[in-house]
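**Student:** The following block contains the structure, expressed as structure tokens.
The values are calculated or read from the model by the stated rules, or taken from the named source; none is laboratory data. No experiment lies behind these values; they were computed from the predicted model shown. Because the Cβ atoms are built from the backbone with ideal geometry, glycine has one as well, and the counts that use them run over all protein chains shown. Note: accessible area is taken over every heavy atom of the protein model, side chains too, but ligands, DNA and RNA are not part of it. Shrake-Rupley method; radii C 1.70, N 1.55, O 1.52, S 1.80 Å.
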Amino acid sequence: MSKVGESILRGARDSLAYARGDKSRGKETIVYVPTRVDVRALRKRLGLTQAEFAGRYGFKLSTLRDWEQGRRQPDGPARVLLTVIDREPRAVARALAAE
């Protein structure tokens, strides 16, 4: 069997064992998702207008304004994306770049 095949099979066996309660196989990753994001500060640090930020990252302009004016807070997936934008803006830009 190829190395790729062995790796896939090993991963499947580890997943099955984990699902059955064997926590000794595979690994568990714990992630931190912040409860609040200062969207305005992030946008300003990147030097973007509200329209530019919303357009670049796929947010509705009205939603961005609601976040910045404190009428609403980003939900979980949006907080994750905003955190990645905050920490790795170039990686996000590369991932979202048109081919």
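**Student:** Assuming Arg25 fulfils every condition listed in (1) loosely packed, with under 11 Cβ neighbours inside 10 Å; (2) at pLDDT below 80; (3) assigned to a loop (DSSP other than H, G, I, E, B) apart from one, which condition is it?
**Tutor:** Only one criterion in (1) loosely packed, with under 11 Cβ neighbours inside 10 Å; (2) at pLDDT below 80; (3) assigned to a loop (DSSP other than H, G, I, E, B) is unmet by Arg25, namely (1).
**Student:** Being touching a Lys or Arg at 6+ places or on another chain (Cβ under 7 Å) and over 30 Å from Tyr18 (Cβ atoms) narrows it down to one residue among Ala54, Ala98, Ala41, Ala93; which is it?
**Tutor:** Exactly one of Ala54, Ala98, Ala41, Ala93 is touching a Lys or Arg at 6+ places or on another chain (Cβ under 7 Å) and over 30 Å from Tyr18 (Cβ atoms), namely Ala54.
**Student:** Which condition does Gly70 not pass, out of (1) open to solvent by less than 60 Å² (accessible area, probe 1.4 Å); (2) part of a helix (DSSP H, G or I); (3) out of contact with any helix residue (DSSP H, G or I) (no Cβ under 8 Å at 6 or more places or on another chain); (4) of a type outside the set (A, V, I, L, M), if it passes all the others?
**Tutor:** Unmet condition: (2).
**Student:** For the list (1) open to solvent by 50 Å² or more (accessible area, probe 1.4 Å); (2) modelled with pLDDT of 95 or more; (3) assigned to a loop (DSSP other than H, G, I, E, B), I need the number of the one condition that Val31 fails.
**Tutor:** The failed condition is (2).
**Student:** Of the numbered conditions (1) open to solvent by 60 Å² or more (accessible area, probe 1.4 Å); (2) in a loop (DSSP other than H, G, I, E, B), Phe59 fails exactly one; give the number of that condition.
**Tutor:** Just one mismatch for Phe59, condition (1).
**Student:** Do we find that Asp22 is acidic (Asp, Glu), touching a helix residue (DSSP H, G or I) at 6+ places or on another chain (Cβ under 9 Å) and without any contact (Cβ under 8 Å) to a residue 40 or more places away in the chain in this structure? Spell out the reasoning first.
**Tutor:** Values: acidic (Asp, Glu): yes; touching a helix residue (DSSP H, G or I) at 6+ places or on another chain (Cβ under 9 Å): yes; without any contact (Cβ under 8 Å) to a residue 40 or more places away in the chain: yes.
So Asp22 fits the description; yes.
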